[in-house]
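These notes concern the structure reproduced below.
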Amino acid sequence: MSKAIRIHAYGGPEQLVWEEVSLAKPGPGEVLLRHTAVGLNFIDVYHRTGLYPQASLPAGIGMEGAGVVVEVGPGVTEVEVGDRVAYAMGNPGSYAQERIYPAARLVRLPDEIDDQQAAAMMLQGMTAQYLLRSTYRVKAGDTILIHAAAGGVGLIACQWAKHLGATVIGTVGSEEKAELAKRHGCDYPILYTKENFVERVKEITNGKGLPVVYDSVGKDTFMQSLDCLQPRGLLACFGQSSGSIGPVDLGILAAKGSLYVTRPTLGTYAGPRPDLLHCAKELFEVVTSHAVKIEVNQTYPLAEAAQAHRDLEARKTTGSTVLLP
């Protein structure tokens, strides 16, 4: 028997239950994976609360992990027993000591990347990759805005964008987070509790506005994010930590300058295996070259995932957080 965190009902962190689970043998195209580290992400909160409903309950939770392949099912060619691997997305269930997982969604890890780094970087790092290299291809000379710049995706995206030659503006919630973001490539950290970030963006850009805003906050920042854009600019809404944006009159986009809005997901950008491998390859390259540093700023025992969720929702965490089975 193996142990895992599961939910039997939607609700607060108290719904995260540490319990024994039974695992079947891996079927065709599947592997048995023993986790060595598990990533914590805000999407886990959405699954726990039911904002993103599970297929059925009880259910596993968690979208990202790293570990070792201990058994392979029939027809598996992508990995072998003993391989160090990592993954992101797919069906929730990474909050577990062991799990069955599709081999085609696994990526072999370079020796230079340790397991905790891998668990901390796959979802957040590949999210940064598709946002900066596909959703809007950031280039030298661009000035961009990244909300939650001291968060997991934010710290990676700030470093990567700076590496690409962009000027990076970021919103943060405290002086400590402002310093953290600045150390990771954010040229202009804006303390949103004290400053109007729209006005600051206009000052920084001399009224020109931005070609792109990356927004994982949602309801609380949506309209102001639009006001930061230059004509025909793009708002990439890739999360909603403050709540759902709700219905929007598309005429607003015309009035504010023929703007574009997209709601991208990693599941789309890294869905087919060739896209997954390309996304992971670019991420591994910037990490192993030290252009982007993956810093695990918090660790919790997996059995204490409820406390990790409380701290995440209270905005007490910075950078990446890893749960240890």
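Remarks
- Think of segment 7-52 as having a plus end and a minus end, set by charges on the Cβ of Lys, Arg, Asp and Glu; of PHE42, HIS8, PRO26, PRO26 sits farthest toward the positive end of this dipole.
- Cα-based values for the chain, radius of gyration first and Dmax second, are 19.7, 62 Å.
- Volume of the Cα convex hull of segment 123-266, divided per residue and given in Å³: 95
- Two-site FRET efficiency, MET223 against THR265, from Cβ-Cβ distance with R₀ of 30 Å, rounded to 0.05: 0.85
- Residue among ALA157, ILE190, ALA140 farthest towards the positive dipole end of segment 123-266, charges placed on Cβ: ALA140
- Centre separation in Å (Cα based) which lies between segment 22-46 and segment 73-122: 8
- Projecting label points 7 angstrom from Cα along Cα→Cβ for SER134 and TYR10 puts them 2.8 nm apart.
- Contour excess over end-to-end distance, with Cα ends at GLU203 and THR299 and 0.36 nm allotted per residue: 30.7 nm
- Mean Cβ count within 10 Å, highest first, over the residues of peptides 63-71, 35-43: 35-43, 63-71
- Taking packing as the residue-averaged number of other Cβ atoms within 10 angstrom, the listed peptides 88-94, 160-166, 125-131 run from highest to lowest as 125-131, 88-94, 160-166.
- Estimated distance in nm for a label pair at ASN91 and GLU285, the labels positioned 7 Å out from Cα along Cα-to-Cβ: 3.4
- Note on segment 123-266: with charges restricted to the Cβ of Lys and Arg (+1) and Asp and Glu (-1), its dipole about the Cα centre is near 420 debye.
- Estimated [θ] at 222 nm from DSSP helical runs (n ≥ 4, -39500 (n - 2.57)) normalised by residues in the chain, nearest 500: -8000 deg cm²/dmol
- Residue order, fewest to most beta carbons within 10 Å, for ARG273, ARG84: ARG273, ARG84
- The value of relative contact order for the chain, using C-alpha pairs under 8 Å at least six residues apart, is 18 percent.
- Fluctuation leader among GLY209, GLY151, GLY12 - the chain, Gaussian network, Cα springs under 10 angstrom: GLY12
- Two-site label geometry, HIS278 and ASP249: point separation in nm, points 7 Å out along Cα→Cβ: 4.0
- Mean separation of Cα contacts under 8 Å, 6 or more apart, over the residue count of segment 123-266: relative contact order %: 20
- Averaging Cα coordinates gives a centre for segment 211-283 and one for segment 163-201; these two points are 19 Å apart.
- Check: segment 43-94 dipole with +1 on Lys, Arg Cβ and -1 on Asp, Glu Cβ, in debye: 240
- Here, segment 221-301 is characterised by an Rg to Rh ratio of 1.09, where Rg is the alpha-carbon radius of gyration and Rh the Kirkwood radius.
- Shown for SER56, SER174: other C-beta atoms within 10 Å of each C-beta, ranked fewest to most, produce the order SER56, SER174.
- Cα centre as origin, Lys/Arg/Asp/Glu Cβ charges: the chain dipole, Debye: 720
Values quoted throughout were computed directly from the atomic coordinates according to the rules given, and no laboratory measurement underlies them. Since this is a predicted model, take the numbers as computed values, not measurements. Using ideal geometry, Cβ is built from the backbone for each residue, glycine included, and neighbour counts are taken over all protein chains shown.
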